[in-house]
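Here the structure comes first, spelled out in structure tokens, and everything after it is commentary.
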Amino acid sequence: METKLGLKENARQFALLVVINAFVGGMVGLERTLLPQLAEQEFGLKIGTALLSFIAVFGLTKAVANYFAGALANRVGRKRLLVYGWLAGLPVPLLLALATDWNVVLLANALLGVNQGLAWSSTVVMKMDLVGEKNRGLAMGLNEFAGYVAVAVVAFLTGWLASTYGLRPYPFLLGEALALLGLLSSIFFVKDTHRHVALEAHRAASPRLGNLFWATTLWHPNLAAVTQAGLVNNLNDGMVWGLLPVVLAAQGYGLAQTGLLVAVYPAVWGMGQLFTGLLADRFCKKTLLVWGMLAQGLALLGFIGASTPLHFVLLSVALGLGTAVVYPTFLAAIAENTHPEERAEGLGIFRFWRDFGYVVGALLCGWLTQAFGVGAAVGGIALLTVLSAGVAGYRMRCANPEAMLPDVNRPGTSVSVA
């Protein structure tokens, strides 16, 4: 069978990967409403570093899994990594449903991080492999749309189930069904994409980056600017994840209302990417990242004075739109500036630093909350997000990958053209 690149040419396999990524996203949605409530009500943890420890553990293990998913993708195979990711995720809902000790919750979040790192990374890379260069932004928009709409839907459903049947065990059984569906469909229906990579690499004119880790982390103007913005994006997402349900509960909102309000942000984030992914194919990625990060920062500042449901909904919409603009742009920009055979590793390095933002966010947010209060934590991270927009505006260029070479060729890096 002839190997072709393109969205239409690989529509069936692409659609399957979109559905599987929805299952991956649903596993995170399982925790969005329930975990902060579980920490306070059943384990007696207060707002601060202890409560946010589950996000730190999740972020660290996901970051490491992302890195190894990228580094091993060409050697192990994308499909195999996807299956490994689902095997790691399979016990997570049951551990959360049955946990009698907070350390078991942390173990579940470590496994969830591995699940997200391997499974989400694999679906991202395989979609990029299938579509080639032309529709990369659209492909990432569809991928992230599926994942984050699933986050929102499951966050809402688990909130409703918890308000009707209690926090445990029934809401977590939904997650077990998602894990089983993801594992079985990955084993029996997904096909590896190594032939698509070889085909695109044969045609590619993009330069290879000799030291990909440091180029993506520091030296390459576009790659490094995207990486720092990704870290700050997940830093502020971790804050919203950990603090928003607790803030709403403190203001007297019940589990069903909290689940609905918490779901607004990832729902707008997910659905918005149906459209913002196309923007990444048509407009300068620098412009999209600057405005998207700025919108996030301003929305977060608005949360400090929010009190009514309308306030929370409008600010969540603004935050979701800002995130929807930057998320597919992150991935498209990394792919644009790396050689096809280095793309999986480059994405793994970016996703390592991006999801390490959860660790930084949990620790920073916990410290700020304990020292100065919730308002200071929200304000400080909002200002950091605005600063990140400025860094992207200063460092990035609207140019092709070859234009970046003079800045990449620094001590500790080398460049060769394929």
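The values are calculated or read from the model by the stated rules, or taken from the named source; none is laboratory data. Just so it is clear, the structure is predicted and the values come from calculations on it, not from any experiment. Heads up, the Cβs are rebuilt from the backbone with ideal geometry, glycines too, and the neighbour counts pull from every protein chain shown.
Just a few scattered comments:
Let's see how each residue does on (1) of a type outside the set (A, V, I, L, M); (2) modelled with pLDDT under 90:
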position	(1), (2)
GLY159	yes, yes
PHE172	yes, no
LEU181	no, no
ARG195	yes, yes
ALA198	no, yes
SER206	yes, yes
ASN222	yes, no
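- Out of ALA152, ALA119, sole residue that is touching a helix residue (DSSP H, G or I) at 6+ places or on another chain (Cβ under 6 Å), modelled with pLDDT of 90 or more, among the small types (Gly, Ala, Ser) and crowded, with 24+ Cβ neighbours inside 10 Å: ALA119
- Among the residues of the range 293-343, those that are of a type in the set (S, T, N, Q) and within 14 Å of TYR265 (Cβ to Cβ) comprise GLN296, SER316, THR323.
- Of the residues making up the range 122-138, those that are under 18 Å from LEU181 (Cα atoms) and surrounded by fewer than 23 Cβ atoms within 10 Å (Cβ to Cβ) number 0.
- HIS220 touching a residue at least 40 places away in the same chain (Cβ under 8 Å), touching an Asp or Glu at 6+ places or on another chain (Cβ under 7 Å) and farther than 30 Å from SER388 by Cβ: no
- Scanning the range 99-137 for residues that are in contact (Cβ under 8 Å) with a residue 60 or more places away in the chain and in contact with a Pro (Cβ under 7 Å, 6 or more places away or on another chain) gives a single hit, GLY137.
- All of PHE14, PHE54 fail the test of being touching a residue at least 24 places away in the same chain (Cβ under 8 Å), in a helix (DSSP H, G or I) and more than 24 Å from VAL131 (Cβ to Cβ), apart from PHE54.
- Set side by side, the residues VAL92, VAL19 differ, and just one is of a type in the set (A, V, I, L, M, F, W, C), surrounded by fewer than 18 Cβ atoms within 10 Å (Cβ to Cβ), modelled with pLDDT of 95 or more and over 30 Å from TRP214 (Cβ atoms), which is VAL19.
- Among helices (runs of 4 or more DSSP H) entirely within the range 158-260, having at least 3 residues that are under 21 Å from the mean Cα position of the chain (by Cα) and surrounded by 17 or more Cβ atoms within 10 Å (Cβ to Cβ) singles out 170-188, 221-250.
- Count of the range 328-357 residues which are of a type in the set (Lys, Arg) and over 16 Å from the mean Cα position of the chain (by Cα): 1
- Looking only at the range 300-316, residues that are more than 16 Å from ALA229 (Cα to Cα) and touching a residue at least 60 places away in the same chain (Cβ under 8 Å) come to 4 in all.
- A search for C-beta distances below 9 Å between a residue of the range 380-393 that is touching a residue at least 40 places away in the same chain (Cβ under 8 Å) and any residue that is among the charged types (D, E, K, R), counting only pairs 6+ apart in sequence or on different chains, returns ALA392/LYS286; GLY393/LYS286.
- Check on ALA306, buried (at least 18 other Cβ atoms within 10 Å of the Cβ) and not in a helix (DSSP H, G or I): yes
- For the range 69-85, the criterion of being of a type in the set (A, V, I, L, M) and either farther than 27 Å from GLU342 by Cβ or part of a loop (DSSP other than H, G, I, E, B) (or both) is met by none of the residues.
Residue-by-condition table, conditions (1) over 25 Å from ASN21 (Cβ atoms); (2) not aliphatic (A, V, I, L, M):
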position	(1), (2)
GLN37	yes, yes
VAL64	no, no
PHE68	no, yes
LEU87	no, no
